[in-house]
Structure formats: C-alpha cells, structure tokens
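Peer 1: For reference, the structure I am asking about is given below.
Coordinate-derived values only; no laboratory data. If you're wondering where the values come from, they're calculated on a predicted model, not measured in any experiment. When we count neighbours, we look across all protein chains shown, and the Cβ atoms used for this are built from the backbone with ideal geometry, even at glycine.
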Ligand code: AMP
C-alpha cells in the first residue's frame, strides 16, 4: 500500500484541504511553493500512463478539483501550476496518481 492510500484511509495524518467522494486534496509534506497541494483519486490508479478511457470521468474530476482547490486557496487570480509526474523521467516517487497544484510564487519555465 502506498503512503497516499494510507492518507486516504486516515491511517496517517495529512493536512487535508478539500475532499469529495472520489478525490482527496492535502498539502505536500515537502512543499516546493508557498501553496503546494496534492490531489489524489481515492481509487487506486498507479499513474497517468496506466489510465484508460474508463478513467475519463476521474481524470476530469482531478482537474476540476485542482480548480476548486486553487479557488479555495486564493490562487485563481495570481495563477498556479498543475503538474502530473508519470514515470521515472518525470521524477514520480509515489505510485498513486496525483496532481500537484503549486502557487503563491512565480514559477520558472521550462521546469528542470
Ligand atoms: P511525485 O514526485 O510527483 O511522485 O510527488 C510525490 C509527492 O508526495 C512529493 O512532492 C512528496 O513531497 C509528497 N509526499 C510524500 N509523502 C507525503 C506525505 N506523507 N504527505 C504529503 N505529501 C507527501
């Protein structure tokens, strides 16, 4: 079981900022910006590379959750970045699909 599944099951603590029946959003323990939130599906999906057409609604929910979190945390006007790391070259470290939402500082482009 991944650390995110343990957070979803409330077996380990997290700073939860938003939740609905399908997704959970909590603050990253090692934030890379003043606001750094992870949004995860409650159902186990390892990574974007392993999603299928059957995950269309869930993937849409994750992006709409990113928008909702950004609005709740006052990022809508200043802006924010949404990131999904899928696989080794992207630096994925937790094999449970997650969307990063980063904001409250200017973010460089291209990423490292
Ligand atoms: P990634 O590198 O895209 O797989 O992102 C995984 C993220 O999970 C990293 O930014 C970590 O800091 C974060 N992380 C790992 N463990 C925890 C935890 N227990 N609570 C919150 N965030 C975590």
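Peer 1: Roughly how many Å is it from the Cα centre of the stretch 1-47 to that of the stretch 57-112, as a whole number?
Peer 2: 12 Å
Peer 1: Another question about this same structure. For the chain, what is the Kirkwood estimate of the hydrodynamic radius, computed as the reciprocal of the mean inverse distance between distinct Cα atoms, to one decimal in Å? Intermediate results must be reported in sequence, preceding the final value.
Peer 2: Numbers: mean 1/r = 0.0698 Å⁻¹.
Result for the chain stands at 14.3 Å.
Peer 1: Counting other beta carbons within 10 Å of each residue's own, what order do 109, 18 fall into, fewest first?
Peer 2: Numbers: 109 6, 18 18.
Starting with the residue having the fewest Cβ neighbours, the order is 109, 18.
Peer 1: Expressed as a rounded percentage, what relative contact order does the stretch 3-103 have, with Cα pairs under 8 Å and six or more residues apart?
Peer 2: Details: 150 pairs, mean separation 32.5, N = 101.
Relative contact order for the stretch 3-103 comes out at 32 percent.
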